[in-house]
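Have a look at the structure below, then the notes.
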Amino acid sequence: MKTNGFTLIEILIVIGMIAILSGVVLVAVNPVRQFAQARNTQRTANVSAILNAIGERIVDNKGVFQGDDGSCSAALPQSATVMKSGGGYDIRSCLVPTYISELPFDPLTGSNACDGGASCKSYDTGYTVRQDSETLRISVCAPEGAEPAIEGSSEMCLTR
């Protein structure tokens, strides 16, 4: 009498093959690396948006960041300083809402409790800004761009 079914050896071989294939797919897809790359793409867009807004303000003020409108209390820092309220370089009043609707923030460490208007509880972009005193070039950097999941990644900066 012949019974239908699989033997224990056949089942173990199929399970082993599925395990090997899923391991290969997991290594190929590497979700941790994919999320890190997505965060770095967002950082690149954010840094560029902030630098564009700074550039527009400088153009509107005939080459000077502060200008005469009184909305910006301090010149750009000469050393890399985090753009945040209370304890950093508060750049929001200089840029929002005229040059950018709201300040973007780092997807991993930043925060923004502002609504795009005049009222703002607190924000921390997680990005730094500096202006070289000799060349007057402005750099906006994302220090968190050095993602451990991406081999060889480092702080990303954009300078103009």
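The values are calculated or read from the model by the stated rules, or taken from the named source; none is laboratory data. None of the values given here were measured: they were computed from a predicted structure. Here Cβ is always computed from backbone atoms with ideal geometry, including for glycine, and neighbour counts include all displayed protein chains. To get the accessible areas, we keep the full protein, side chains included, count just its heavy atoms, and leave off ligands, DNA and RNA. Shrake-Rupley method; radii C 1.70, N 1.55, O 1.52, S 1.80 Å.
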Pairs where the first residue, in the stretch 87-100, is within 16 Å of Ser48 (Cα to Cα) and at pLDDT 90 or above and the second is part of a helix (DSSP H, G or I) and open to solvent by less than 40 Å² (accessible area, probe 1.4 Å), C-beta under 6 Å, 6+ apart: Leu95/Ala53; Tyr99/Ala53; Tyr99/Arg57; Ile100/Ala53
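Tell me the strands (runs of 3 or more DSSP E) entirely within the stretch 68-160 that contain at least 2 residues that are of a type in the set (Phe, Trp, Tyr). Before you say what the answer is, go through the steps one by one.
Numbers: elements: 81-84, 111-114, 120-131, 138-142, 156-159.
The qualifying strands (runs of 3 or more DSSP E) are 120-131.
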Residues within the stretch 1-47 that are of a type outside the set (Lys, Arg) and under 30 Å from Val140 (Cα atoms), tallied: 15
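Evaluate the following for Gly67: is it on the phi > 0 side of the Ramachandran plot, of a type outside the set (S, T, N, Q) and out of contact with any Pro (no Cβ under 7 Å at 6 or more places or on another chain)?
Spelling it out, Gly67 is indeed on the phi > 0 side of the Ramachandran plot, of a type outside the set (S, T, N, Q) and out of contact with any Pro (no Cβ under 7 Å at 6 or more places or on another chain).
Quickly run through the stretch 133-147 and pick out the residues that are touching a residue at least 12 places away in the same chain (Cβ under 8 Å), open to solvent by 40 Å² or more (accessible area, probe 1.4 Å) and more than 11 Å from the chain's Cα centre (by Cα).
Our first condition is that a residue be touching a residue at least 12 places away in the same chain (Cβ under 8 Å); within the stretch 133-147, this holds for 133, 137-145, 147.
Checking which are open to solvent by 40 Å² or more (accessible area, probe 1.4 Å) leaves us with 133, 137, 143-144.
Residues satisfying the conditions are Ser133, Arg137.
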Every pair of residues 6+ apart whose Cβ atoms lie under 8 Å, when the first sits in the stretch 50-64 and is surrounded by 16 or more Cβ atoms within 10 Å (Cβ to Cβ) while the second is among the charged types (D, E, K, R): Leu51/Arg160
Residue selected from the stretch 71-108 under the condition touching a Gly at 6+ places or on another chain (Cβ under 9 Å) and open to solvent by 70 Å² or more (accessible area, probe 1.4 Å), by the criterion farthest from Ile58 (Cα to Cα): Leu108
